[in-house]
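The values are calculated or read from the model by the stated rules, or taken from the named source; none is laboratory data. Predicted, not measured: the structure shown is a model, and the values here were computed from it. Reconstructed Cβ throughout: ideal geometry from the backbone, glycine too, with neighbour counts over all protein chains shown.
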Amino acid sequence: MIPYARQNIDAGDIDAVLQVLQSDWLTQGPMVERFEQALAQRCGAVHAVAVSNATAGLHLACLAAGLGVGDWLWTSPISFVASANCARYCGANVDFVDIDPHTWTLDATALARKLEEAASLGRLPKVVVAVAFAGQSADMRSLKGLARQYGFTLIEDAAHAVGARYAGVAVGNGEFADMTVFSFHPVKIITAAEGGMVLTNDAQLAARLQLLRSHGVTRDPGQMSEASHGPWYYQQLELGFNYRLSDLHAALGLSQLSRLDEFLARRRQLVARYQRSLADLPVDVQAPQAEAQSAWHLFVVRLRSARAQRAHKQIFEAMRAAGVGVNLHYIPIHLQPYYRELGFKPGDFPEAEAYYASALSLPLYPDLSEAEQDHVLDSLRQALQTLGGDADE
Ligand SMILES: *Cc1c(COP(=O)(O)O)cnc(C)c1O
């Protein structure tokens with residue numbers, strides 16, 4: 001089976017991890033800070049805080065933004081559940097803003113409309129999480145304008161988007177989002193096995209992220225409520241977590257970061273090939289977002305005709321039977337049982353639901369060969385011909 005995603009680990013990556021294993025520090029050593037500095041520098045951000053995974057990073061970003069009981073966080077329904085769950089960890093409420101039908105990212109026009117309504121009801125969100133879907137940022141320029149106007153914190157969930165750019169600067173640069181969260185899960189652009197990073201240019205937010213990442217404990221006398229008792233002394237200032245990244249993970253992440261441009265170039269090559277080959281098939285691909293340059297974590301196609309959409313599941317199954325590990329990113333979050341329990345229902349976000357009824361993620365990763373990619377394309381063409389009907393309806 002050709003998987004939909006797969007990490008690429010080379011001898012340098014392995015050596016980087018082995019060196020940590022043979023060193024004095026498996027965790028809380030020098031590698032975490034080196035990884036943080038390297039990614040901050042690559043993105044042009046002032047602060048980077050490494051965490052155990054992006055889910056933890058989203059949780060801490062929400063806490064740093066002051067999100068708490070009674071507050072609201074809004075995000076896109078087409079994302080991994082973590083983009084919404086981060087609010088629930090803080091005791092806050094979640095609502096969604098539908099996606100743009102072409103770019104599949106949070107629709108800035110729908111957001112503006114919903115904010116106007118919420119302002120009149122006195123129910124504005126404290127945080128908006130904009131997902132860089134498939135590696136492509138949302139309309140961050142408009143979102144930043146709305147953040148200024150309505151006073152919410154803008155968090156970019158850039159789990160898909162290490163190496164992406166927007167408006168001529170790296171995603172994570174802090175020009176648009178207050179905080180940007182990256183993931184280093186093996187299916188993503190670079191991997192640390194597990195890992196995440198929160199980038200920000202705000203020193204206060206960075207200090208909160210650092211404190212909460214490690215139990216809410218400080219050794220900084222300047223932050224303590226009374227004089228230090230001695231060299232052993234630390235104080236717990238609030239309830240934090242153990243969301244640290246280990247040096248083993250950081251070493252792998254740092255080594256992978258040195259290969260980021262190689263990964264991005266190969267992904268772009270494969271995407272260009274997909275786009276050329278799909279031009280004569282009845283499927284839609286993700287429309288470019290103005291000013292965005294995607295990192296291409298995912299390559300999604302949408303079945304165009306009503307007939308093909310009715311055969312969505314059969315097309316998916318036929319491709320799997322042909323050895324192609326297609327996937328579906330994502331099931332609309334508001335339709336998950338947990339969120340239905342909170343009051344969401346089918347019909348709430350029609351563009352997200354229409355997307356779900358038509359989307360397929362095709363395999364995309366640096367080691368995908370052109371022969372394998374041709375097999376993916378053949379299996380899609382075949383499935384569309386036999387199950388999808390031959391014409392648009
Ligand atoms: C993968 C992913 C996450 C979670 O990342 P982890 O590092 O696995 O916690 C969050 N948001 C999105 C959009 C993701 O794809």
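Applying a threshold of 6 Å to beta carbon distances and a minimum spacing of six or more residues, or different chains, the list of pairs starting in the stretch 3-31 at a residue that is within 21 Å of residue 363 (Cα to Cα) and ending at one that is among the aromatic types (Phe, Trp, Tyr) and modelled with pLDDT of 95 or more reads 5/365; 6/365. I'd like the residue in the stretch 175-228 that is within 23 Å of the chain's Cα centre (by Cα), hydrophobic (A, V, I, L, M, F, W, C) and assigned to a loop (DSSP other than H, G, I, E, B) and, out of all such residues, is farthest from the ligand (Cβ to nearest atom). For the stretch 175-228, the residue satisfying everything is 176.
Filtering the stretch 192-209 to residues that are surrounded by fewer than 21 Cβ atoms within 10 Å (Cβ to Cβ) and polar (S, T, N, Q) leaves 201, 204. Within the stretch 321-369, if we keep just the residues that are in contact (Cβ under 8 Å) with a residue 60 or more places away in the chain and among the acidic types (Asp, Glu), the residue that is nearest to the ligand (Cβ to nearest atom) turns out to be 351. Being assigned to a helix (DSSP H, G or I) and either under 16 Å from residue 359 (Cα atoms) or hydrophobic (A, V, I, L, M, F, W, C) (or both) is a property that residue 308 has. For the stretch 19-76, the set of residues classified as within 12 Å of the ligand (Cβ to nearest atom), over 16 Å from residue 184 (Cα atoms) and in a loop (DSSP other than H, G, I, E, B) consists of 76 only.
Note on the stretch 63-81: among residues that are without any contact (Cβ under 8 Å) to a residue 40 or more places away in the chain and either more than 21 Å from residue 114 (Cβ to Cβ) or acidic (Asp, Glu) (or both), the one that is surrounded by the most Cβ atoms within 10 Å (Cβ to Cβ) is 68. Only one entry of 133, 182, 176 meets the criterion of being farther than 25 Å from residue 364 by Cβ and not β-branched (Val, Ile, Thr), and that entry is 176. Checked against (1) part of a loop (DSSP other than H, G, I, E, B); (2) at pLDDT 95 or above, residue 266 passes all but condition (1).
Selection of first residues in the stretch 116-132 that are closer than 13 Å to residue 61 by Cα and away from the ligand (no atom under 16 Å from the Cβ) and of second residues that are of a type outside the set (Phe, Trp, Tyr) and assigned to a loop (DSSP other than H, G, I, E, B), restricted to Cβ pairs under 8 Å at least 6 apart or on distinct chains, gives the following pairs, ordered by first then second residue: 126/65; 126/66; 126/67; 126/71; 126/92.
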